[in-house]
1. With the requirement that a residue be among the aliphatic types (A, V, I, L, M) and touching a Ser or Thr at 6+ places or on another chain (Cβ under 8 Å), what does the range B:171-201 give you?
2. Tally time: how many residues in the range B:295-325 are part of a strand (DSSP E or B) and closer than 13 Å to B:W279 by Cα?
3. Given the conditions (1) under 26 Å from B:G248 (Cβ atoms); (2) assigned to a strand (DSSP E or B), and given that B:R339 satisfies all but one, which numbered condition is not satisfied?
4. From the list B:D160, B:D167, B:D153, B:D201, pick out the single residue that is within 14 Å of chain A (Cβ to nearest Cβ), under 13 Å from the mean Cα position of the chain (by Cα) and open to solvent by 10 Å² or more (accessible area, probe 1.4 Å).
5. Does the range A:189-214 hold any residues that are open to solvent by 40 Å² or more (accessible area, probe 1.4 Å), within 10 Å of chain B (Cβ to nearest Cβ) and closer than 30 Å to A:S156 by Cβ, and which are they?
6. Could you please find all residues in the range A:215-244 being of a type in the set (S, T, N, Q) and open to solvent by less than 40 Å² (accessible area, probe 1.4 Å)?
7. Restricting to the range B:185-198, give me the number of residues that are under 22 Å from B:A275 (Cα atoms) and open to solvent by 40 Å² or more (accessible area, probe 1.4 Å).
Amino acid sequence: MASSTRSRRMGPVRVGESPAVRRTLIGLVLALSALVIVAPLAVIAVEAFSKGFGVFAATIAHPDTRSAVVMTLVTALIAVPVNTLFGIAAAWSITKFDFPGRGLLLILIEIPFSVSPIVAGVAYLFVYGMQGLFGAFLQDADIKILFALPGIVLASMFVTAPFVARELIPLMQAQGRDLEEAAASLGASGWQTFFSVTLPNIKWALLYGVILCNARVMGEFGAVSIVSGNIRGQTNTLPLHIELLYHDYQTAGAFSAALILTVIAVFTIIAKALLERRGAGRVRAATLAPTAGPAEAAKETP
Amino acid sequence: MKINLDHVVKTFNTFRAVHDVSLSVESGELVALLGPSGSGKTTLLRMVAGLEFPDAGQIRFGEQDATQIPVRERGVGFVFQHYALFPHLSVADNIAFGMRTARAARRSKAEIDARVEELLRLVQLSSLGNRFPAQISGGQRQRVALARALAVDPKVLLLDEPFGALDANVRRDLRRWLREIHAELGITTLFVTHDQEEALDLADRVVILQQGRIVQQGTPRAVTRQPNSAFVMRFLGDTHQLSATAKGGQVTLGDLSLDATGLADGPVDVFVRPADLEWAGQGSGDQPGPGLPATVTRVIDRPGARRLAVSFEGHGLELDVAPEVEVAAGDRGRLRILRSRIFPA
């Protein structure tokens with residue numbers, strides 16, 4: 001507060017005061033964004049329709065593409081809720097309780113972020129594959145994990161396990177345990193406390209985490225490509241299908257499928273931006289609403 | 001509800017927060033747990049609440065052993081240091097929270113609404129029921145927190161640094177007001193503070209803690225007039241410490257002789273508060289008499305008095321004189337000691 005008043009009085013302190021520097025810098029950033037982010041996205045749209053709308057429609061309608069879309073959606077429908085529950089449970093236990101191994105759990109949750117997805121895929125291969133730890137057992141029991149939906153879901157879940165927890169932990173750590181303790185002192189049970197106190201205060205971060213997790217599940221390539229077996233029309237997800245089409249020199253088809261994924265991604269980003277604005281708007285409305293009086297409001301600073 | 005703590009011990013990892021504390025609080029009493037940070041006062045309060053559990057010892061509410069009863073079932077009202085109001089609920093919903101979750105005595109919606117109204121009136125916030133915690137001032141939040149704690153009809157009210165985050169004026173008003181509420185409801189109340197003025201102003205009885213132990217307890221009058229240690233003397237207010245030697249039940253300072261009956265011969269510390277000192281200037285006409293020869297080093301004018309900073313044998317002392325007294329830096333005079341406390345050094 002004090003520093004902002006001071007800087008206002010002394011005029012804005014800015015790096016590169018000169019307009020030329022400022023314009024060059026802004027121009028550079030805009031140009032780079034256009035080149036690196038906007039151009040490829042535009043190319044996808046252009047290439048998808050390069051052979052005419054017919055090819056695009058044919059690719060979309062092709063059974064293999066439809067199967068890939070279904071596969072991707074089903075994977076997300078399983079992996080995202082499971083990871084959401086896991087993320088909430090992990091964040092809750094790490095931030096609200098003290099227990100031995102708490103620090104270890106915190107590190108464990110981070111591992112999927114630092115491990116390359118392809119390594120995760122290979123690891124799953126060794127655990128559930130024919131030569132793997134449970135391979136023989138699984139075959140005897142006639143349970144198919146690899147080269148089938150379960151394997152794809154497991155690999156996707158591994159890769160995206162940290163997303164929800166990583167969103168929630170810093171927030172819940174900052175919120176502390178006071179609110180839960182207050183609820184308990186007022187007679188609320190653990191579930192009542194969670195649903196009526198904890199959840200309402202983490203819902204924006206939770207939604208944000210779910211959206212990021214979903215985007216990643218749908219776009220995951222490395223780990224899934226190892227465990228899915230790339231069976232066309234059966235175990236291909238959208239990203240794998242795109243790669244397959246591309247290697248078959250069906251460029252327009254590949255781009256058409258890529259466009260589906262891109263559209264999903266863009267919607268995800270828009271949803272996230274809307275949620276962020278709503279979340280931020282709520283906070284702002286709460287703090288800027290008329291207070292009891294300027295004199296008393298000024299005393300709030302703890 | 002009478003509270004009894006019996007040889008309570010609490011250790012965090014290796015840090016012993018509370019050492020063998022025994023304390024009893026009478027029904028309807030208003031008791032302050034006073035101590036510097038790290039003295040274990042908040043841990044003690046949280047154990048009474050059931051937010052922490054003692055490693056050893058027993059906590060009884062009336063005749064019932066409450067040691068292991070969790071906070072949810074203990075029937076206490078707890079006011080948190082930073083209020084812990086639910087930010088997503090309105091003031092009225094915050095107050096109603098405990099009545100809605102209570103499993104024992106379910107109330108109808110109309111009953112709850114009526115009780116919320118009543119509590120809002122009690123804490124003088126009738127018009128603010130629809131506001132959210134972020135929209136009200138610190139003092140108002142503190143009162144909402146109290147109303148919320150009272151809504152569950154607690155047997156015991158516990159407050160953790162209730163006025164810590166407020167500025168001096170709001171603090172003073174709320175103190176008086178809490179005192180009135182306590183008189184009206186007569187509920188056994190225990191509060192934690194590090195502010196001795198707050199404790200003395202508000203409490204029937206003050207319990208002073210140091211490093212996890214109770215060092216002294218008693219009425220505000222008893223602890224201020226008969227502090228039993230140098231720590232209590234210093235902690236309760238501005239104090240000057242003068243080194244001296246006791247011999248045959250007497251301590252000699254300058255040409256003053258102070259009574260030290262019962263103290264063994266040896267080095268002692270004489271403690272005096274600014275109000276225990278009296279100034280006799282050399283030019284003032286009255287007989288200087290016996291006293292400590294001192295020189296004024298600075299005069300600070302305050303609304304109610306003039307504060308003199310004086311120096312006596314290298315000790316810096318402060319005392320107040322009436323606003324009319326003519327005195328300036330460099331003046332010489334004598335200090336009389338009206339009252340003092342002497343502890344072995």
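1. First, the residues of the range B:171-201 that are among the aliphatic types (A, V, I, L, M): B:174, B:178, B:181, B:183, B:185, B:187, B:190, B:192, B:199-200.
Within the range B:171-201, B:V192, B:A199, B:L200 qualify.
2. Going residue by residue through the range B:295-325, those that are part of a strand (DSSP E or B) are B:295-301, B:306-312, B:315-321.
From what is left, the residues that are closer than 13 Å to B:W279 by Cα are B:295-296, B:299, B:306-312, B:317-321.
Residues flagged as part of a strand (DSSP E or B) and closer than 13 Å to B:W279 by Cα within the range B:295-325 amount to 15.
3. (2)
4. Values: B:D167 fails: under 13 Å from the mean Cα position of the chain (by Cα); B:D153 fails: under 13 Å from the mean Cα position of the chain (by Cα); B:D201 fails: within 14 Å of chain A (Cβ to nearest Cβ).
That would be B:D160, the only listed residue that is within 14 Å of chain A (Cβ to nearest Cβ), under 13 Å from the mean Cα position of the chain (by Cα) and open to solvent by 10 Å² or more (accessible area, probe 1.4 Å).
5. A:L199, A:K203
6. Applying the first criterion (of a type in the set (S, T, N, Q)) to the range A:215-244 yields A:225, A:228, A:230, A:234-237.
Across the range A:215-244, the qualifying residues are A:S225, A:S228, A:T235, A:N236, A:T237.
7. At the first step, the residues of the range B:185-198 found to be under 22 Å from B:A275 (Cα atoms) are B:195-198.
So of that shortlist, the ones also open to solvent by 40 Å² or more (accessible area, probe 1.4 Å) come out as B:196-197.
Of the residues in that region, 2 qualify.
One line per residue, one yes/no per condition, for (1) hydrophobic (A, V, I, L, M, F, W, C); (2) outside any helix (DSSP H, G or I); (3) closer than 27 Å to B:D173 by Cβ:
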| residue | (1), (2), (3) |
| --- | --- |
| B:V192 | yes, yes, yes |
| B:A199 | yes, no, yes |
| B:V207 | yes, yes, yes |
| B:I214 | yes, yes, no |
| B:M233 | yes, no, no |
| B:S257 | no, yes, no |
| B:T261 | no, yes, no |
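The values are calculated or read from the model by the stated rules, or taken from the named source; none is laboratory data. Since the model is a prediction, treat every value here as computed from it, not as a measurement. Because the Cβ atoms are built from the backbone with ideal geometry, glycine has one as well, and the counts that use them run over all protein chains shown. For accessibility, only protein heavy atoms count, side chains too; no ligands or nucleic acids. Shrake-Rupley method; radii C 1.70, N 1.55, O 1.52, S 1.80 Å.
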